[in-house]
Amino acid sequence: QVQLVESGGGLVQAGGSLRLSCAASGRTFSRYCMAWFRQAPGKEREFVAAITASGGMRFVADSVRGRFTISRDNAKNTVLLQMNTLKPEDTAVYYCAAGAFNSGNSYSPRSENYDYWGQGTQVTVPS
C-alpha cells in the first residue's frame, strides 16, 4: 500500500508561484505512476500532470502546460508540482495520486485508474 500526504497549498496572488509536495510511504513507491489532479467547487476532478514510474515521461494538461512542472524523487518518496504563473482558474483542491500500471512508462489522465489518493491541499488564487 501507498499512503500519500499533500502539503504546500495556500493562497497566492495571480502570477505567483507555489510548490506542492506529496510525501509517500511504502517501499514500492518507485513502481507507481504518480499524478496530480485537482477539483474546483462544482466541477469534476480533472487531470493536471503525471510522471511515470520510470520518471522518463511526463504529461501535463493543456491548461497548465508551460506553467506547471511535475517531478519525483524516488529516494525521498516525494512527488512535486511546481506551479508558476498561477491564475484564478487554478483555484482548486489538489490531490496527489498513485497508480499501478503494467509498464514503467504508462500513465493515465483518468482518475479512476489510480489506486491511492491523498487528502488534498487547497490552492487559492484570487482574482
Go through segment 29-53 and give me each residue that's open to solvent by 50 Å² or more (accessible area, probe 1.4 Å) and over 17 Å from residue 65 (Cβ atoms).
30, 31, 39, 41, 42, 43, 44, 45
Selected residue (criterion: farthest from residue 127 (Cα to Cα)) from residues of segment 76-95 that are aliphatic (A, V, I, L, M) and open to solvent by less than 30 Å² (accessible area, probe 1.4 Å):
79
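Take residue 4 and decide whether it is under 13 Å from the mean Cα position of the chain (by Cα), buried (at least 20 other Cβ atoms within 10 Å of the Cβ) and not charged (D, E, K, R). Please lay out each step first, then the result.
Values: under 13 Å from the mean Cα position of the chain (by Cα): yes; buried (at least 20 other Cβ atoms within 10 Å of the Cβ): yes; not charged (D, E, K, R): yes.
Yes, satisfied.
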How many residues are modelled with pLDDT under 95 and part of a loop (DSSP other than H, G, I, E, B) if we restrict to segment 74-88?
1
In the list 92, 53, which residue meets the criterion of being modelled with pLDDT of 95 or more and in contact with a strand residue (DSSP E or B) (Cβ under 7 Å, 6 or more places away or on another chain)?
92
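Each row is one residue, and each column tells you yes or no for (1) touching a residue at least 40 places away in the same chain (Cβ under 8 Å); (2) in a strand (DSSP E or B); (3) among the aliphatic types (A, V, I, L, M); (4) over 12 Å from residue 94 (Cα atoms).
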site	(1), (2), (3), (4)
35	yes, yes, yes, no
42	no, no, no, yes
47	yes, yes, no, no
53	yes, no, yes, yes
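What number of residues in segment 55-69 are assigned to a loop (DSSP other than H, G, I, E, B) and either open to solvent by less than 70 Å² (accessible area, probe 1.4 Å) or touching a His at 6+ places or on another chain (Cβ under 9 Å) (or both)? Give the derivation first.
First, the residues of segment 55-69 that are assigned to a loop (DSSP other than H, G, I, E, B): 55-57, 61-67.
Of the ones still in play, those that are also either open to solvent by less than 70 Å² (accessible area, probe 1.4 Å) or touching a His at 6+ places or on another chain (Cβ under 9 Å) (or both) are 55-56, 61, 63-64, 67.
Final tally of qualifying residues: 6.
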Among the numbered conditions (1) open to solvent by 40 Å² or more (accessible area, probe 1.4 Å); (2) within 19 Å of residue 29 (Cα to Cα), tell me where residue 120 comes up short.
(1)
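The values are calculated or read from the model by the stated rules, or taken from the named source; none is laboratory data. Note that the structure is predicted; figures quoted are calculated from it, not measured. For neighbour counting, all protein chains shown are included, and Cβ atoms are generated from backbone atoms with ideal geometry for every residue, glycine included. Heads up: the accessible areas ignore ligands, DNA and RNA and are worked out on the full protein's heavy atoms, side chains in. Shrake-Rupley method; radii C 1.70, N 1.55, O 1.52, S 1.80 Å.
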